[in-house]
Amino acid sequence: MPDLLIELFSEEIPARMQAQAADGLKKLVTDALVERGLLYEGAKAFVTPRRLALAVHGLPGRQADQREEKKGPRVGAPEGAIAGFLKSAGLASLDQASVQSDPKKGDFYVAVVEKPGRPTPEVIADIIPAIIRGFPWPKSMRWGSGSLRWVRPLHSIVATFGAEGDEPEVVRFEVDGIVSSNVTYGHRFLAPAPITVKRLDDWMAKLEAAKVVVDRDRRKDIILNDAKDLALANGLELVEDEGLLDEVAGLVEWPVVLMGAFEERFLDIPDEVIRATIRANQKCFVLKNPATGRLANRFLLISNLVASDGGAAIVAGNERVIRARLSDAKFFWDTDRVNGLESRMPRFQSITFHEKLGSQAERIERIRRLAVEIAPKVGAQPALAEEAALYAKADLLTEVVGEFPELQGLMGRYYAQDENLPPEVAAACEEHYKPQGPGDRVPTAPVSIAVALADKIDTLVGFWAIDEKPTGSKDPYALRRAALGVIRIVLENGLRIRLWSILRNRAIEVLQTIKQLPFEEAIDSISALPPDIRTLKGVQAAEDELLFKFASSGLRLTVFGEAVKIADDLLSFFADRLKVHLREHGARHDLVDAVFALEGQDDLFLLVERMTALARFLETEDGKTLLAGYRRAVNILRIEEKKDGRAFTGPTNAALLKEPAEERLADAIEQVKRRVATAVAAEDFETAMTALADLRAPVDAFFDAVTVNDPDPALRENRLKLLDEIRAATRGIADFDRIGG
Amino acid sequence: MIDPALPAHMRPDRSFQALLLTLQRFWADQGCVVLQPYDMEVGAGTFHPATTLRALGPKPWKAAYVQPSRRPKDGRYGENPNRLQHYYQFQVILKPSPDNLQELYLKSLQAIGVDLGLHDVRFVEDDWESPTLGAWGLGWECWCDGMEVSQFTYFQQVAGIECAPVSGELTYGLERLAMYVQGVENVYDLNFNGREGAEKISYGDVFLQAEQEYSRHNFEAADTEMLLEQFRMAEKACHKYLAFGDKGERHEMALPAYDQCIKASHVFNLLDARGVISVTERQSYILRVRELAKACGAAWLKTAAGGAA
């Protein structure tokens, strides 16, 4: 079976686009082949900075012939219909059509259209130009006077087709003046002459001889192995970096690993800064001294050249640049420490955090207040949390972070340590950004926790208040990540925090920033607000004095209403994120819903405890049977309530409890309700579930012995009310209606 | 290879001015019009009308020139070995971009003494965009042994107008390149005239005092009230000249109008260096300059050089 080889030779393709382009070419070409009936045995794509290539193995020499029957009009149909049929089927006259009989429709004409399969190269010659023209580069361009778009100017195309042992033919086509051939070119500097190629193996071997390693994975292996060997030979250890490896493999066709050095004095700079400097600007690897675990004053560069002097000039050149870069970094590091973090704080006043959310200074002030509020709940000293919140963002204005934003937080820690700030404060500078993603560590130190929660909650409330919530795949402010961060910090540290009132109070503050209402006095009134008050009436009821404070501080009551809405909405966002988080850990999301459906559930830790206990209970025989009984009760209720157009709620009338089974059930409900309430109040969900289990037997017995729809309307009503009491009893635990399965 | 017939002081690896002359000579041999710097303050060689305006329209164009470039914010009072608020760019523009533009570029490096068998030259992705000019293109920064020595761009859009044909633009950072070929670590140590001993003039001899004085000017003294007024005046004048020259199908004053756009852009850079423009204002100033650039580009297309019939 013949093979196809395609190579698209161009000017340098950006490293970050190469892997995706190779996958894209493979998929587009093979899909197009299959669509045209050309099945293949295997395909592999290749990519280097200057070429994108694909080998498709085991293709048929031509498409299979196709035979198609076209039904036409019935015999004796009007002339127009017959003419249309002949035209569409490509027939000259009715003699070329046959007649078929159908018991229902009678006789009608049929045309048999034979479509001979085309030779595969012809099909390929159709497919490839279209794929080139529509190739999905993230960014493409035109050049010269042409109109073709490619990632960078496309220069030549190899397209060969043939079976092993045969001289393959060139698949002839043309795209914007570029004519396909069997000629390619080697390494830009080491072997630039044209090379005639045949099939995949020949192409690979000849390019290898022309100093081009076409397989990206092999280039990566070469770089990694040579880098490790060279490090080892010098008694050092390579600091591996997958992202960097991917990038440099896309910058060279013939990787040559060389080692350079920089002055020891630069090792005063923190390792992370050295690494960021060398990596970001020079795309070089750094090396570790295995004895100390710290960086060595060496680096590895990946050159694209076998230089005639063994690489001495290349190393010298790179060393010069790295020296200059490290001088800059050292200058930044030194200047940053001359002026303390504190000196930077005033500048935050003139830096906008977000156009609608005020300055960074305002944001830091909000975080500070929130961190102080949260501190006692997480076991942190408020004074330390306050200090940490003040300094946590200060490194954003340092030179090093200006240069390497990815070092934010870490640099704050270094500078805080350098200024002898309390160790808790230094740690919080770094850790308050955590967790950055699902795999990142969660802070555990109380002060770090207080600032981390304050930072994330302020972000969430802020963007909620200006209606910049995440939608679909769009989450430009990483709000999902922030919410997940809060959830993980709370759950993994077993923290007990009521979220709702925190969210509401933050929303009031943020709305004040947005609406530019006077600030200071209102803060007092917020902290005086009873935590669960949700309505203005509630405020009024709380205290006249409070209301007076509200009014005199200029805090408009509508702001309060808005804040309540934001808190509610944000809490349900937390519920959604919690569901996703728990589902990823194998929990049932319907149980999250069942628990969240209860009023006032805003303590995430407790919520998960409750849910876990419920999940365990529902696994037991008692749980399953009780759930079945519950559903039976609710079904009957639903039907009867619909029938009567009314709800049956409220206490039963003891005098109307005639059957022993209903009496026993009523008793059991009373007891279980009480026991569940006590256990839940004590946050002892296991005991609450045990209590609930005691409902199972009386419920079963009730359904066995009692007819709910008694002819006596008074008895019927009382029994329906009893069914509703079952529902009420379970409500202490969760909304059983929302339990699925 | 450096021309062996050159006297020592004319060797591009010994003299800053010789480097510049070598590049001029090289591109003159490729058929470029060798122009002199534009006589206005600009932030980059791209602002020269020989690039911005000539990149627009259907007419072929090949030009090369040195352009002194001013970046007020990059001033370091002469104390940083690499950063300058005034430096030289060598600019080449070829329209349409020829198929062998990369090869030509590499030959120009050889001409100034970069041995391609010894040095690792790389084309590393770098998309170019000038928000003030409403321009963007794709290309690379060109690395020599890990140092960026040039920008290489295929213009896709200038002044908000699609470029067809596409121009290829090369921008050499002359000081950097000279530091590299001369093997010097501090820009002020560059040999400017290629002479030795008493006759030697260094880059510092020529520019150090200017860097110190202009840094003071840019950061401390530039009269912001005057500059704010100048910005408004330039903007107004640009619109006025555009209106004056507009004759329907034709335009008769695109170039003078564009001068005012250049002026506004430089004044904005000065204001920015003085720190009197807030983040939000910054964006709106950029947009205002872009509007001027776009209007000038549209006017240019209605001139003879812009390809109007």
Conditions (1) free of Cβ contacts under 8 Å to residues at least 40 places away in the same chain; (2) within 14 Å of another protein chain (Cβ to nearest Cβ); (3) surrounded by fewer than 17 Cβ atoms within 10 Å (Cβ to Cβ) -> B:R76 fails only (1)
Scan the range A:101-119 for residues that are open to solvent by 70 Å² or more (accessible area, probe 1.4 Å) and either among the hydroxyl-bearing types (S, T, Y) or in a strand (DSSP E or B) (or both) and jot them down. A:S101, A:D107, A:E114, A:K115
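Listed here are the residues, each with its yes/no results for (1) part of a helix (DSSP H, G or I); (2) open to solvent by 10 Å² or more (accessible area, probe 1.4 Å).
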residue: B:P4; (1), (2): no, yes
residue: B:Q24; (1), (2): yes, yes
residue: B:G31; (1), (2): no, yes
residue: B:T51; (1), (2): yes, no
residue: B:G57; (1), (2): no, yes
Identify, from the list A:A594, A:A655, the residue that is more than 28 Å from the chain's Cα centre (by Cα) and assigned to a helix (DSSP H, G or I). A:A655
Mind listing whichever residues of the range A:589-608 are of a type in the set (D, E, K, R), surrounded by fewer than 18 Cβ atoms within 10 Å (Cβ to Cβ) and in contact (Cβ under 8 Å) with a residue 24 or more places away in the chain? A:D590
Helices (runs of 4 or more DSSP H) enclosed by the range A:303-420 - at least 1 residues per element that are assigned by TED's automatic domain parsing to the domain that holds A:V510 and closer than 30 Å to A:H187 by Cα: none
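Could you tell me whether A:I131 is more than 14 Å from chain B (Cβ to nearest Cβ) and either under 30 Å from B:P96 (Cβ atoms) or touching a residue at least 60 places away in the same chain (Cβ under 8 Å) (or both)?
Answer is yes for this residue.
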Every residue from the range A:279-302 that is open to solvent by 10 Å² or more (accessible area, probe 1.4 Å) and assigned to a loop (DSSP other than H, G, I, E, B): A:K283, A:N289, A:P290, A:A291, A:T292, A:G293, A:R294
Is it true that some residue in the range B:214-222 is touching a Leu at 6+ places or on another chain (Cβ under 9 Å), away from chain A (no Cβ under 14 Å), at negative phi and in a loop (DSSP other than H, G, I, E, B)? yes
If A:K198 satisfies all but one of (1) in a loop (DSSP other than H, G, I, E, B); (2) within 27 Å of B:L106 (Cβ to Cβ), what's the number of the condition it fails? (2)
If we scan the range B:131-148, do we find a residue that is at the interface with chain A (Cβ under 10 Å from one of its Cβ atoms) and within 18 Å of B:S69 (Cα to Cα)? yes
Extreme residue, nearest to B:F219 (Cα to Cα), among residues of the range B:276-309 that are within 14 Å of another protein chain (Cβ to nearest Cβ), open to solvent by less than 60 Å² (accessible area, probe 1.4 Å) and out of contact with any Leu (no Cβ under 9 Å at 6 or more places or on another chain): B:S278
Would the range A:262-278 turn up any residue that is open to solvent by 20 Å² or more (accessible area, probe 1.4 Å), assigned to a strand (DSSP E or B) and over 25 Å from B:E185 (Cα atoms)? no
Tell me, yes or no, whether the range B:105-119 has at least one residue that is under 18 Å from the mean Cα position of the chain (by Cα) and open to solvent by 20 Å² or more (accessible area, probe 1.4 Å). no
Where the second residue is in a loop (DSSP other than H, G, I, E, B) and aliphatic (A, V, I, L, M) and the first is farther than 30 Å from A:A81 by Cβ and lies in the range A:106-126, which pairs have Cβ atoms under 7 Å and are six or more apart or on separate chains? A:G117/A:A64; A:T120/A:L38; A:T120/A:L59; A:P121/A:V171; A:V123/A:L38; A:I124/A:V171; A:A125/A:V171
Does the range A:452-459 include one or more residues that are under 18 Å from A:E373 (Cβ atoms), open to solvent by 30 Å² or more (accessible area, probe 1.4 Å), touching a residue at least 24 places away in the same chain (Cβ under 8 Å) and in contact with a Gly (Cβ under 6 Å, 6 or more places away or on another chain)? no
Please go through the range B:170-212 and give me each residue that is assigned to a strand (DSSP E or B) and within 14 Å of another protein chain (Cβ to nearest Cβ), ordered by number. B:L170, B:G173
Can you name the condition, by its number, that B:S167 falls short on among (1) open to solvent by 10 Å² or more (accessible area, probe 1.4 Å); (2) at the interface with another protein chain (Cβ under 10 Å from one of its Cβ atoms)? (1)
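The values are calculated or read from the model by the stated rules, or taken from the named source; none is laboratory data. As the structure is a computational prediction, the values presented were derived from the model and not from experiment. Heads up, the Cβs are rebuilt from the backbone with ideal geometry, glycines too, and the neighbour counts pull from every protein chain shown. Surface accessibility is based on the protein's heavy atoms, side chains included, excluding ligands, DNA and RNA. Shrake-Rupley method; radii C 1.70, N 1.55, O 1.52, S 1.80 Å.
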